[in-house]
Amino acid sequence: MMLFKSRILLASAVSMLILGACNPTDPSKAAAPSKDAVAATVNGTAISEKRVDILAKQQTAQGQPGGPELRQGIIDNLALQLLLSQEAIKKGLDKTPEVADQLDFTQQSILANAFVQDYLKNNPVSEDMVKAEYEKIKGQMTGSEYKARHILVRQEAEAKDIIAKLRKDPKAFAPLARERSKDPGSKANGGDLGWFDPSGMVPEFGAALAKLAKGKFTEEPVKSQFGYHVILLEDSRPKTFPPLDQVTPMLRQQVQQQNVKKLLDDLKAKAKIDIVQAAVPAISPPKESRPADAGK
């Protein structure tokens, strides 16, 4: 399961586009279509009921109580926003370089999200795609996962002392871990790490664990970047994989992201994109300071 989860990684650009495509554009940003039912007008410009409904649904989904008061508050805010935008246009603020640049950027963002939304609508992820992704990941699930305990200490001599005590009494592992381990995550549980994939551990830990027999502990301290480990293997089993129905939503999202990433990669490959970077000014090294009487 850990390997499966580790594969559900989102490419940031793809994720942002998908999230933007799945959320309607803020309806307060654009003029209302004349064909919509009108909730209010500001100097003759309409605010649509559809826009109010969208914002009301968004706010109730975030925990706001619905009802007439919510709708009235939304209408008041939209009316004020529209009024202020009208005043800004009267003053020509939409023509200033800074505002014009922001408007252009917003338009590009809306259009980009609309393009991805259109692609997702017309290219849905099929059940066969989900099953194929499931089988691909399941086929990569090889090896074992382990249930183990460990004791982490700073000095090799202390680790050797713990091993000597365990040779006399192997059942003392948990008490020794609670008493002497420096790992705050497992110390209180007697060094218990639960079930885990060794690939998620530092390489030295995983390599030492693979050599242990069930019920045995490391006869020599295992050094890692964290210190010295004494490891007890309690059990092992083949890596398990969840049933298809449990992971279908995640797989569907993953395939969707892969498809969008491929779309973006193809578009970029066909486009002529020239990166123009301003020259970075050379930084002169600081002059070496000299004593006041130097050279005299």
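Just so you know, all these numbers are worked out from the coordinates, no wet-lab data involved. On a predicted model such as this, the values are computed, not experimentally measured, just so you know. Ideal geometry is used to build each Cβ from the backbone, glycine not excepted, and the neighbour counts take in all protein chains shown.
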| task | Select from region 155-227 those GluC sites (Glu not before Pro) which occupy a DSSP coil region and have at most 13 other Cβ atoms within 10 Å, ordered by residue number. | result | E219
| Cross-link partners among lysines for K262, C-alpha distance below 27 Å, same-chain residues fewer than 8 apart left out? | K5, K121, K131, K136, K138, K270, K272
| remark: Which residues qualify? For K223, with a placed amide H closer than 5 Å and at least 5 residues away or on another chain, they are H229
| message | Less than 13 Å from a label point 7 Å out along the Cα-to-Cβ axis of F226: which backbone N atoms in region 151-187 qualify, by residue? | response | 151-154, 181-187
| query | In nm, to one decimal, how far is the S126 label point from the L111 one, both placed 7 Å along Cα→Cβ? | reply | 3.3 nm
| query | Rounded to the nearest 20 Debye, what is the dipole magnitude of region 144-238 about its Cα centre when Lys and Arg each give +1 and Asp and Glu each give -1 at the C-beta? | reply | 240 debye
| message | Set the bar at 21 Å for Cα to Cα. Now go through K147/K187; K165/K239; K182/K239; K171/K239 and name every pair that lies beyond it. | response | K165/K239; K182/K239; K171/K239
| said: List the residues, sorted by chain then number, that are 5 or more residues from A39 or on another chain and whose placed amide H is less than 5 Å from its amide H. | reply: I47, S48, E49
| task | Could you run the Debye sum over the Cα atoms of region 24-114, one equal point scatterer each and no solvent, and tell me log10 of I(q)/I(0) at q = 0.13, 0.20, 0.23, 0.25 Å⁻¹, two decimals? | result | -0.51, -1.06, -1.21, -1.27
| So between L103 and W195, what do we pick up on full extension, going 0.36 nm a residue minus the alpha carbon distance? | 27.9 nm
| query | Beyond 19 Å, what percent of the Cα pairs of region 141-235 remain? | reply | 31 percent
| remark: E179 neighbourhood, Cβ < 13 Å, K/R = +1, D/E = -1, net charge +2
| task | Note down the nm distance, to one decimal, between modelled labels 7 Å out along Cα→Cβ at L80 and at L267. | result | 3.7 nm
| note | Once normalised by the length of region 24-114, the mean sequence separation of its alpha carbon contacts under 8 Å that are 6 or more apart gives a contact order in percent of 22 percent
| remark: Rounded to the nearest 0.05, FRET efficiency between V276 and E135 (Cβ-Cβ, R0 51 Å) equals 0.65
| field | Theoretical gain in end-to-end length, K168 to A213 [0.36 nm per residue, Cα-Cα removed] | value | 14.4 nm
| said: Residue by residue through region 147-160, what is 3J(HN,Hα) from phi via Karplus (6.51 cos²θ - 1.76 cosθ + 1.60, θ = phi - 60°)? Round to whole Hz and write x for glycine and proline. | reply: 10, 8, 10, 8, 10, 10, 10, 7, 10, 4, 4, 5, 4, 5
